[in-house]
Amino acid sequence: MKHICLFSGGAGSAYMSYLVSQKQRYEDVILLFQDTKSEHPDAYRFRKQVSEYIGISITEVSDGRDLWELIDDNHCLPSNMIPFCSRILKQEQAEKYYKTLEDDFVLYIGYGPDEWKRIQRQTARIEHAGRTVKYPLAEIGNTVLKDKSLTECAGEWQNELDNNLDLFTEEELDDNIPCMCAL
């Protein structure tokens, strides 16, 4: 049985992947990253760092196009009413990967207990396809942010970043907006 962690590289998917890696055999855990080719360079660094920390390499799937190429090809902007980017760049790429597997598998998603509507939608879609999905953070009642607001966490992370500026190149420092602070 394979255990596929949908590994976006956000805090929730990183923590969820860590938890799954602690309960399953390493050789059975897959960190599946659907690359949209449109992410901030620091997101790639973070995914790599988490992967190295838990000792499991990242399995990457991609359509090959970035978001802007997809917009050009579809002649419109994606939205929650026209979500072609998520479907094409993430869902379809994951489906192609699942079809290559010979083993049974369980999907894991890093949604927390405060994301019930997302859990319901994803569960309906995934179970309709005959698959099993689990939400470890929601099941244990844990969110990555715990009782802190996003603003409080961003402030703490900014303080940490200020003390470790060598994590970024000069070009990234010129932007002066860490990814979480841009919210």
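Just so you know, all these numbers are worked out from the coordinates, no wet-lab data involved. Just so it is clear, the structure is predicted and the values come from calculations on it, not from any experiment. Positions of Cβ are backbone-derived with ideal geometry, glycine not excepted, and every protein chain shown enters the neighbour counts.
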Checklist entry - Given H placed on each backbone N at 1.01 Å, which residues far from Thr132 in sequence or on other chains put an amide H within less than 5 Å of it? => result Leu107
Item to check | Tensor-based shape of segment 1-92 (alpha-carbon gyration tensor, a/c under 1.5 rounded, otherwise prolate or oblate) | outcome: prolate
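Counting Lys and Arg as +1 and Asp and Glu as -1, what is the net charge of the other residues whose Cβ lies under 12 Å from the Cβ of Glu69?
Details: positive: Lys37, Arg65; negative: Asp63, Asp66, Asp72, Asp73.
Result for the local shell: -2.
How do the peptides 126-136, 95-105 rank, highest first, by the average count of neighbouring beta carbon atoms within 10 Å per residue? Don't skip to the answer; put the middle values down first.
Details: 126-136: 14.0, 95-105: 10.8.
Result, highest mean Cβ count within 10 Å first: 126-136, 95-105.
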Item to check | Options Val29, Gln91, Trp116, ranked by Cα towards positive dipole end of segment 1-152, top entry (Cβ charges) | outcome: Trp116
Checklist outcome for this item: Of the listed links Lys2/Lys99; Lys23/Lys96; Lys2/Lys23; Lys2/Lys90; Lys2/Lys96, those spanning more than 21 angstrom between alpha carbons are Lys23/Lys96
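Please report the net charge: other residues with Cβ closer than 12 Å to the Cβ of Ser38, K and R +1, D and E -1.
Numbers: positive: Lys37, Arg65, Lys90; negative: Asp35, Glu39, Asp63, Asp66, Glu69.
Within the 12 Å Cβ shell, the charges total -2.
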